[in-house]
Amino acid sequence: MGYGADSTARARDPIVLVLMGVSGCGKSTVAALLAGELDWPFEEGDSLHPQANIEKMAAGHPLNDEDRWPWLEKVAEWVEECLDAGRSGIITCSSLKRSYRDIINRRGSGIEFVYLAGSKEVIAARLAARHGHFMPPALLDSQFATLEEPTPDEPSIRVEVGPPAAYLADQIREILQLDDSTTGRAKS
C-alpha cells in the first residue's frame with residue numbers, strides 16, 4: 001500500500017523507531033525486517049561509530065561515556081534528519097542508559113524506543129552463534145552492567161526476544177499499529 005492508498009487510515013506524524021538493547025539481542029535483524037516491511041529508511045547505528053570505538057570494542061575493551069558521546073550525537077542527527085524531512089525511519093542503537101536515550105530523543109517527540117529484552121543466558125547463546133561482528137561476546141557482562149531499562153515515562157515498548165525475528169517484527173508493528181505505508185500511517 002503506497003502513500004494515500006488507504007483512505008481509511010488516519011494520518012500520523014513521522015516516527016523513528018530506535019531498536020535498542022544489548023549486543024546480540026537482534027536489533028539489526030529485526031530492524032531490517034521492519035524497514036523492508038514498512039519501506040522506511042534504515043540505518044545500522046553501529047556504522048556511525050568512530051573507527052576508534054570499533055577498534056576498542058574489537059580489542060575486547062568496553063566503551064565509556066566519553067567514547068559514546070560523538071556516536072550518540074550522530075545517531076540523534078540521523079533521527080532528526082528523518083523527522084525534519086517528514087519521514088519515518090528505523091535505526092539501531094544499544095541506547096543502554098537513560099542519558100543516552102535523552103540525547104537521541106532531545107527534541108522530545110517523534111521517537112519510539114523498541115527495547116529488545118532478553119536474559120543474559122539467552123543473549124550469550126545468540127552471541128556465541130554470531131560471526132563477523134566486532135563486538136566480542138566477552139563484553140556482554142559490561143553491557144548488562146550498563147543497561148538501564150526504559151522507564152514508563154520514556155517513549156518505549158518492551159519486546160521479549162526468543163521468538164523468530166519475523167514474529168518480533170510483526171509484534172512491534174501490531175503494538176505500534178504500523179502499516180506498510182512509507183509515511184508512518186497507523187492502521188485504522
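In table form, for the structure just shown:
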| read-out | value |
| --- | --- |
| Radius 11 Å from Cβ of residue 41, net charge of other residues (Lys, Arg +1; Asp, Glu -1) | -2 |
| Heavy-atom SASA rank of 13, 39 (probe 1.4 Å, accessible area, largest first) | 13, 39 |
| Under Karplus coefficients 6.51, -1.76 and 1.60, residue-wise ³J(HN,Hα) of region 101-116 in Hz, glycine/proline x | 5, 5, 5, 5, 9, 5, 7, x, 7, x, 10, 10, 7, 10, 7, 8 |
| Cα→Cβ-extended label distance, 7 Å offset, between residue 141 and residue 119, nm | 1.9 nm |
| Solvent-accessible area per residue, Å², over region 16-128 with all protein chains present [probe radius 1.4 Å] | 39 Å² |
| Nearest-10 value in Å² for the accessible area of residue 61, using the 1.4 Å probe | 100 Å² |
| Computed over region 16-135: relative contact order in percent, which uses C-alpha pairs under 8 Å that are six or more apart | 49 percent |
| Extended-chain gain in nm, criterion 0.36 nm per residue less alpha-carbon gap, residue 66 and residue 106 | 12.6 nm |
| Under-5 Å amide H pairs with residue 16, H placed in peptide plane, nonlocal only | 89, 111, 112 |
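The values are calculated or read from the model by the stated rules, or taken from the named source; none is laboratory data. Everything quoted here is computed from the prediction, not taken from an experiment. Note that we place each Cβ from the backbone using ideal geometry, even for glycine, and neighbour counts take in every protein chain shown. To get the accessible areas, we keep the full protein, side chains included, count just its heavy atoms, and leave off ligands, DNA and RNA. Shrake-Rupley method; radii C 1.70, N 1.55, O 1.52, S 1.80 Å.
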